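Down below is the structure, laid out as structure tokens.
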Amino acid sequence: MPNIDVRKVSCRKEQDYFVCLPKYIYEDCPQWVPDLDRDVRILFDRRSNPESEFCHIQPFVAYRNEVPLGRIVGIVNHRANERWQQRVVSFGQIEFIDDPDVSRALIETVERWGRTFGMDTLHGPMGVTDFDKEGMLIDDFHLTGTMSTIYNHDYYPRHMEALGFRKEVDWVQIRINIPDKTPARYARTAQYVREQMGLCVIKLDTPGIDKRHYAEQVMRLFNEAYRPIFGFAALSEAQIAAYLDRYLPILDPKMVPIVINEQHEVVGAAVTIGSLTQALQKTGGRLWPTGWWHLLKALKWRHEDTVEMLLVGVRPDYQGMGVNALFFDDLIPIYNQLGFKWAETGPQLEDNVRELSQWKPLKPEFVKRRRCYIKKI
């Protein structure tokens, strides 16, 4: 390999290289949104990483003359492989300069590492769970990224194709202009499911409910709803607890409608949050000394004009019965009250026709196509 040395991350200095490398690669890129450094460092802390119970996870950094030029994480998720009856090693968090020697060295390193566990296929970018960032951006590079999605330079897909990868699946995001009022189709359907099916919307701050209990039910609901979706493996109880500890404190209960039936069972939920894109860009990935202030302002007082619809799920036996209309009927007035102008979903599989068709009354714009690449190794 021409002057490229790829090494496992094994000490604090190498962890720092791994965490900080994207800041160098995207130094002059206004569309890039950094992760918080502390969130990336969780990767190196097995005590804070419940996925280590069923995954082998190995970060690598590529150097030339001791200068870090690329990074990658290899992931062997034994639970997902058992679920899907496959022998796949995933790569994630891949970043590299525009040098084919660097990208080739990173990919070949993960290939060799994956073969030591008996894997025969490599795909990515993927995360450990379906709630992690996944999919390489392949168009709309001029659009600003979000806190929950991957942004990458336009040369990345060219490198993947040159390395022999092909398309496995694509995701798209949906962007809508929030209407002044709930479209009639949603309002009629919402009224029907309330009156005829006995469904209603609660919030995590509804008086008399156990906030943590219902939040746990929501996460278990997502396990059920997402089970058939590409690459998904159910979250363990430890993973659910970790996600709730990390994200529950920053959610605005008004923006997280939970649908329950007459038996007080959770049958649907939507997790949405005001965009933190600009705030994260101002932090540079660091909470201290002032990064926390930018995030607090965006969460509590000065909303950006976009809301991110992170997760939407309906229990399988209630799918196709109008539950989603309750989300729209509840959220659109709230978004207007809070001054949001736009809403953007997370990545959705391009062939998930039922999911994509629900947005039609809102005149959606399909943006930011992302791809999972695959190859035999």
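Please state which of the following conditions residue 196 fails to meet, knowing it meets all the rest: (1) assigned to a loop (DSSP other than H, G, I, E, B); (2) polar (S, T, N, Q); (3) over 27 Å from residue 252 (Cβ atoms).
Among (1) assigned to a loop (DSSP other than H, G, I, E, B); (2) polar (S, T, N, Q); (3) over 27 Å from residue 252 (Cβ atoms), residue 196 violates only (1).
Among residues belonging to the stretch 122-140 that are assigned to a loop (DSSP other than H, G, I, E, B) and on the phi > 0 side of the Ramachandran plot, point out the one that is surrounded by the most Cβ atoms within 10 Å (Cβ to Cβ).
The selected residue is 135.
Give the residue, chosen from 205, 252, that is of a type outside the set (Ser, Thr, Tyr) and buried (at least 16 other Cβ atoms within 10 Å of the Cβ).
Working: 205 fails: buried (at least 16 other Cβ atoms within 10 Å of the Cβ).
Result: 252 is the single residue among 205, 252 that is of a type outside the set (Ser, Thr, Tyr) and buried (at least 16 other Cβ atoms within 10 Å of the Cβ).
Search the stretch 219-250 for residues being of a type in the set (S, T, N, Q) and not in a loop (DSSP other than H, G, I, E, B), and hand back the single one that is nearest to residue 52 (Cα to Cα).
239
Within the stretch 255-285, which residues are open to solvent by 70 Å² or more (accessible area, probe 1.4 Å) and more than 19 Å from residue 300 (Cα to Cα)?
262, 263, 264, 265
Does the stretch 123-132 include one or more residues that are in contact (Cβ under 8 Å) with a residue 40 or more places away in the chain, in contact with a Lys or Arg (Cβ under 7 Å, 6 or more places away or on another chain) and within 21 Å of residue 311 (Cβ to Cβ)? Explain how you work it out, then say what you get.
Initial filter on the stretch 123-132 (in contact (Cβ under 8 Å) with a residue 40 or more places away in the chain): 123-132.
Retained after the next criterion (residues that are in contact with a Lys or Arg (Cβ under 7 Å, 6 or more places away or on another chain)): 127.
In the following step, the residues that additionally are within 21 Å of residue 311 (Cβ to Cβ) were identified as 127.
Yes: one or more hits.
In the stretch 319-348, how many residues are of a type in the set (Gly, Ala, Ser) and either touching a residue at least 40 places away in the same chain (Cβ under 8 Å) or under 15 Å from residue 270 (Cβ atoms) (or both)?
Total meeting the criteria: 4.
Filter the stretch 1-51 for residues that are polar (S, T, N, Q) and modelled with pLDDT under 95; which is most open to solvent (accessible area, probe 1.4 Å)? I'd like the intermediate steps shown before the answer.
First pass over the stretch 1-51, keeping only residues polar (S, T, N, Q): 3, 10, 15, 31, 48-49.
Pick out the ones that are also modelled with pLDDT under 95 and you get 3, 10, 48-49.
Working: 3: 113, 10: 97, 48: 53, 49: 15 Å².
The residue in question is 3.
Could you list, ordered by first residue, the pairs with Cβ atoms under 8 Å in which the first is in the stretch 86-113 and closer than 14 Å to residue 18 by Cβ and the second is open to solvent by 10 Å² or more (accessible area, probe 1.4 Å) and among the small types (Gly, Ala, Ser), at least 6 apart or interchain?
92/127
Across the stretch 343-354, what is the number of residues that are out of contact with any helix residue (DSSP H, G or I) (no Cβ under 8 Å at 6 or more places or on another chain) and open to solvent by less than 40 Å² (accessible area, probe 1.4 Å)?
Summing the residues that are out of contact with any helix residue (DSSP H, G or I) (no Cβ under 8 Å at 6 or more places or on another chain) and open to solvent by less than 40 Å² (accessible area, probe 1.4 Å) in the stretch 343-354 gives 3.
What's the number of the condition residue 293 fails, among (1) open to solvent by 40 Å² or more (accessible area, probe 1.4 Å); (2) farther than 25 Å from residue 332 by Cα; (3) modelled with pLDDT of 95 or more; (4) over 19 Å from the mean Cα position of the chain (by Cα)?
Only one criterion is unmet by residue 293, namely (3).
Going by what's in this entry, would residue 118 be described as small (Gly, Ala, Ser) and modelled with pLDDT of 95 or more?
yes
Hey, could you check the stretch 356-377 for residues that are touching a residue at least 12 places away in the same chain (Cβ under 8 Å) and assigned to a helix (DSSP H, G or I) and say which is surrounded by the most Cβ atoms within 10 Å (Cβ to Cβ)?
362
Any idea which residue in the stretch 101-121 is farthest from residue 173 (Cα to Cα), counting only those that are of a type in the set (Ser, Thr, Tyr) and surrounded by 20 or more Cβ atoms within 10 Å (Cβ to Cβ)?
The selected residue is 109.
The values are calculated or read from the model by the stated rules, or taken from the named source; none is laboratory data. Everything quoted here is computed from the prediction, not taken from an experiment. A quick note on method: Cβ atoms are made from the backbone with ideal geometry, for glycine too, and the neighbour counts reach across all protein chains shown. Please note that ligands, DNA and RNA were not included when accessible areas were found on the heavy atoms of the full protein model with its side chains. Shrake-Rupley method; radii C 1.70, N 1.55, O 1.52, S 1.80 Å.
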